[in-house]
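Structure first, commentary second.
The values are calculated or read from the model by the stated rules, or taken from the named source; none is laboratory data. Bear in mind that the values here come from a model prediction, so they are computed numbers and not experimental data. Because the Cβ atoms are built from the backbone with ideal geometry, glycine has one as well, and the counts that use them run over all protein chains shown.
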Amino acid sequence: MHYNPVAEKYKIILHTKYLTQEELNEFISSIRQLKEYMVRYFNPYTGTVRTAQCYRGDRKITMKWNRTDKGILYNPTDISLIEL
């Protein structure tokens, strides 16, 4: 078996804070329409800020609790942004 890498691509995981139902709806609707994103991020390997064109990958959303007096609260949401 031989390993011949073609390119080095980065996967950026966007991690949000705890979100209410309204915040989650706004966040998901803002990223749902776009197929590609220009992302500026800190590259810890080089110590510089880099810009990359990415596509949206996996999304992980977990409900924390649902209380009628306080509403729905979601755990921090993870969205993968993968470099093209």
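Within segment 28-49, one or more residues are out of contact with any Phe, Trp or Tyr (no Cβ under 7 Å at 6 or more places or on another chain), surrounded by 10 or more Cβ atoms within 10 Å (Cβ to Cβ), aliphatic (A, V, I, L, M) and modelled with pLDDT of 90 or more.
Residues that are among the charged types (D, E, K, R) and assigned to a loop (DSSP other than H, G, I, E, B) were ranked within segment 52-71; the one that is modelled with the lowest pLDDT is Asp69.
Quick check: is even one residue across segment 72-83 in a strand (DSSP E or B), over 13 Å from Lys11 (Cβ atoms), β-branched (Val, Ile, Thr) and modelled with pLDDT of 85 or more?
Initial filter on segment 72-83 (in a strand (DSSP E or B)): 72-74, 78-83.
Then drop every residue that is not over 13 Å from Lys11 (Cβ atoms), which leaves 72-74.
Narrowing further to those that are β-branched (Val, Ile, Thr): 72.
Filter once more, keeping what is modelled with pLDDT of 85 or more: none.
Checked segment 72-83: no residue is in a strand (DSSP E or B), over 13 Å from Lys11 (Cβ atoms), β-branched (Val, Ile, Thr) and modelled with pLDDT of 85 or more.
Six or more apart or on different chains, Cβ under 9 Å: which pairs go from a residue in segment 1-21 that's within 16 Å of Tyr45 (Cβ to Cβ) to one that's in a loop (DSSP other than H, G, I, E, B) and at pLDDT 85 or above? Could you list them? From segment 1-21, the pairs are Lys9/Leu84. Whenever a residue of segment 57-68 is aromatic (Phe, Trp, Tyr), its partners that are at pLDDT below 75 and surrounded by 11 or more Cβ atoms within 10 Å (Cβ to Cβ), lying with C-beta atoms within less than 8 angstrom and at least six residues away or across chains, give the pairs Trp65/Ile72. If Val49 satisfies every condition in (1) in contact (Cβ under 8 Å) with a residue 12 or more places away in the chain; (2) assigned to a strand (DSSP E or B); (3) β-branched (Val, Ile, Thr) but one, which is the exception? Every condition holds for Val49 apart from (1).
Does segment 17-30 contain at least one residue that is of a type in the set (A, V, I, L, M) and assigned to a loop (DSSP other than H, G, I, E, B)?
Filtering segment 17-30 down to residues of a type in the set (A, V, I, L, M) leaves 19, 24, 28.
Restricting the remaining residues to those that are assigned to a loop (DSSP other than H, G, I, E, B) gives none.
There is no residue in segment 17-30 that is of a type in the set (A, V, I, L, M) and assigned to a loop (DSSP other than H, G, I, E, B).
Residue count for segment 1-22, restricted to those that are farther than 14 Å from Ile79 by Cβ and of a type outside the set (S, T, N, Q): 11.
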